[in-house]
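Worksheet: the structure to be examined is printed underneath.
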């Protein structure tokens with residue numbers, strides 16, 4: 001049986017995470033990805049600084065970075081690729097999630 005990764009981290013996302021962590025204030029141990037209710041489609045991705053390691057988090061090591069995943073978000077994130085995009089007017093982490101059935105027009109929220 002092949003086990004599916006919770007998320008895959010692209011080269012661009014890994015580089016940006018390393019940059020963020022190298023410039024973070026003291027006490028930051030990493031980044032944490034979770035999913036919360038909100039937005040016009042019903043759910044939103046959330047990234048926060050990890051200041052305290054939680055034993056219940058799933059730890060994904062990919063592309064020489066470590067990302068902690070909220071256990072409540074795992075079922076929503078299975079198979080997702082986390083990327084980082086920059087253009088003339090904005091930059092952001094992008095979640096390419098094969099489980100999404102709908103995404104709002106602004107791209108900030110999704111539905112599964």
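Here is a yes/no grid of residues against (1) touching a strand residue (DSSP E or B) at 6+ places or on another chain (Cβ under 7 Å); (2) under 14 Å from residue 95 (Cβ atoms):
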residue	(1), (2)
27	no, no
42	yes, no
45	yes, yes
51	no, no
69	yes, yes
82	yes, yes
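The C-beta contact set for segment 25-45 (first residue free of Cβ contacts under 8 Å to residues at least 24 places away in the same chain, second residue part of a loop (DSSP other than H, G, I, E, B), distance under 7 angstrom, 6+ apart or interchain) comprises 28/51. Suppose we keep only residues that are modelled with pLDDT of 80 or more and out of contact with any helix residue (DSSP H, G or I) (no Cβ under 8 Å at 6 or more places or on another chain) within segment 95-110. Which one would you say is nearest to residue 34 (Cα to Cα)? So the residue we want is 96. For segment 53-62, the criterion of being over 14 Å from the mean Cα position of the chain (by Cα), surrounded by 13 or more Cβ atoms within 10 Å (Cβ to Cβ), at pLDDT below 90 and outside any strand (DSSP E or B) is satisfied by no residue at all. Restricting attention to segment 71-92, the residues that are touching a residue at least 24 places away in the same chain (Cβ under 8 Å), surrounded by fewer than 19 Cβ atoms within 10 Å (Cβ to Cβ) and closer than 23 Å to residue 54 by Cα add up to 5.
Of all the residues that make up segment 29-48, how many are modelled with pLDDT of 85 or more and surrounded by 15 or more Cβ atoms within 10 Å (Cβ to Cβ)? Within segment 29-48, residues that are modelled with pLDDT of 85 or more and surrounded by 15 or more Cβ atoms within 10 Å (Cβ to Cβ) number 9. One residue is enough: does segment 24-44 have a residue meeting the conditions in contact with a helix residue (DSSP H, G or I) (Cβ under 8 Å, 6 or more places away or on another chain) and at positive phi? The answer is yes, given that some residue of segment 24-44 is in contact with a helix residue (DSSP H, G or I) (Cβ under 8 Å, 6 or more places away or on another chain) and at positive phi.
The values are calculated or read from the model by the stated rules, or taken from the named source; none is laboratory data. It should be emphasised that the depicted structure is a prediction, and the values quoted were computed from it without experimental measurement. Neighbour counts are summed over all protein chains in view; Cβ atoms, including those assigned to glycine, are modelled from backbone coordinates with ideal geometry.
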